[in-house]
Amino acid sequence: FIFDLLAKFADYGFNKSHAAAYAIVTYQTAYMKAHYPVEFLAASMTLDMNNTDKLADFRQDALRLGIEVVPPSVKSSFGAFEVGENRIYYALAAIKGVGEHAVDHIVEKRKEKQFEGLEDFCERIDPRIIGKRVLESLIQAGALDCFQRERAELFAGVELMMGLAHRAAEDAQSGQHDIF
């Protein structure tokens with residue numbers, strides 16, 4: 001008899017402690033989204049940065065709420081999605097083909113001094129960390145658009161950019177620098 005009651009309850013029953021915990025999490029999530037939408041969406045995007053479908057949904061949510069999503073840039077983006085004045089800066093780590101190590105390297109080099117141009121960027125990156133594929137991924141995502149060059153031009157010059165990076169790395173290793 002008791003087993004029959006338990007079996008019947010199991011069809012629709014849900015543990016009350018679980019229900020209470022989920023209700024609290026739901027309330028907190030709704031509160032954050034309603035009162036801190038920029039921060040909430042940036043945190044959600046960072047959490048799901050490897051899921052492009054969810055990123056597209058979050059981006060649509062941001063546009064619906066009037067929040068600007070700033071495209072990725074080696075001059076302003078970080079590893080995670082960052083918050084600005086009613087805007088979210090797109091994460092470099094969310095770009096497919098760009099690993100965490102490469103993002104950390106770019107951010108570290110930028111902390112030393114802002115990139116002045118494409119040539120400066122190429123001379124300061126380590127080609128062992130920022131390889132050809134990473135560079136192509138950055139170009140394709142628009143992260144090098146800040147250098148005021150067409151993407152087709154950048155793609156065509158990838159070998160040249162890698163050569164510049166290799167030469168600068170070799171010169172730095174040997175202690176030699178160009179006179180000019």
Inside segment 57-102, the number of residues satisfying the requirement of being over 13 Å from the mean Cα position of the chain (by Cα) and among the aliphatic types (A, V, I, L, M) is 4
Quick check: anything in segment 136-156 assigned to a helix (DSSP H, G or I), open to solvent by less than 10 Å² (accessible area, probe 1.4 Å), within 30 Å of A169 (Cβ to Cβ) and in contact with a Lys or Arg (Cβ under 6 Å, 6 or more places away or on another chain)?
yes
Across segment 62-75, what is the total count of residues that are surrounded by 17 or more Cβ atoms within 10 Å (Cβ to Cβ) and not small (G, A, S)?
4
Only residues in segment 32-61 that are open to solvent by 70 Å² or more (accessible area, probe 1.4 Å) count as the first member; pair them with residues that are acidic (D, E) and outside any helix (DSSP H, G or I), Cβ under 8 angstrom, at least 6 apart or cross-chain, and list the lot.
K54/D48
In segment 88-120, what residues are open to solvent by 20 Å² or more (accessible area, probe 1.4 Å), closer than 19 Å to T46 by Cβ and either in contact with a helix residue (DSSP H, G or I) (Cβ under 7 Å, 6 or more places away or on another chain) or assigned to a loop (DSSP other than H, G, I, E, B) (or both)?
Y90, A93, K96, G97, G99, E100
Being of a type in the set (S, T, Y) and either over 18 Å from I129 (Cα atoms) or touching a strand residue (DSSP E or B) at 6+ places or on another chain (Cβ under 7 Å) (or both) is the filter here; which residues of segment 73-106 pass it?
S76, S77, Y89, Y90
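The values are calculated or read from the model by the stated rules, or taken from the named source; none is laboratory data. Nothing here was measured: the structure is a model prediction, and the numbers come from that model. Note that we place each Cβ from the backbone using ideal geometry, even for glycine, and neighbour counts take in every protein chain shown. What goes into the accessible areas is simple: the full protein's heavy atoms, side chains included, and nothing from ligands, DNA or RNA. Shrake-Rupley method; radii C 1.70, N 1.55, O 1.52, S 1.80 Å.
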